[in-house]
Amino acid sequence: MHNVVKSLLPLIWLSLMAASEEGIQILQSPAQVWWTPGQTAQLDCSHSLKVRRVLWYKERPSLQWIYESSPFQPSNGKYSSKVKITANTFSLIISNVQRDDSGVYYCGLVHPNFGSGTRLIVTGEFPTRQNNDMARFLKISSQKPAFENLEYLEIELFIFLYLQFLISIMGIMTVLCESTLRSMDEKHRVSARCYNFPAF
């Protein structure tokens, strides 16, 4: 009987752990943050347990432990923490962020529970300005440059004036020809002839 109970103890322990962890909630906010190089980033984590520390991991591509947030944990130069025990909030502070700090960060408890993760993006511009610049670029690229529009107008104007010039020359030649025929005698008028040019 003693051996049976002893063999069941691990199963009982795992069942108790699973039951206690069902109600654990770990929240990370925001889901995505943008920072420029040289700034200090803050990633927030809160949970429903009364514990005094959380562990922070970075995806590289597997999860790698980077720091422990607790009230008395000293800064290691790159990472530090801001802890509010009464509110169960633990913030990871990343100093002087650079582009290689970009990635997904997870906070977790001593038990195997993790938050949904926060994606840190370190870029030269904030997304609002970046989106505005991209919108302006797309708007400009969708329009023809001003010099191209002027070139098309000049070509159309040249063709129109050239046709008008041809029509005027043909009209003048027709008038001169007819006046010349009138001044000829009947004998020469029979052999001479004016051709009417087609109208455009």
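A short reminder: the numbers here are calculations on the coordinates, not readings from a lab. Just so it is clear, the model here is predicted, and its values are computed rather than measured. Don't worry about glycine lacking a Cβ; one is built from the backbone with ideal geometry, like all the others, and counts go over all protein chains shown.
When each pair of different Cα atoms in segment 23-124 is counted once in the 1/r mean, what is the Kirkwood radius in angstroms, to one decimal?
Evaluated on segment 23-124, it is 13.5 Å.
Any idea how far apart SER183 and ARG52 come out in nm if each label point goes 7 Å out from Cα toward Cβ?
Placing both labels 7 Å beyond Cα along the Cβ direction yields 12.3 nm.
Give me the one-decimal nm value for the distance between modelled label points at SER29 and ILE93, 7 Å along each residue's Cα-to-Cβ direction.
That separation, rounded to one decimal, is 2.1 nm.
Count the net charge of all other residues whose Cβ sits under 14 Å from the Cβ of THR89, scoring Lys and Arg as +1 and Asp and Glu as -1.
Numbers: positive: LYS50, ARG52, ARG53, LYS82, LYS84; negative: ASP44.
For residues surrounding THR89, the net value is +4.
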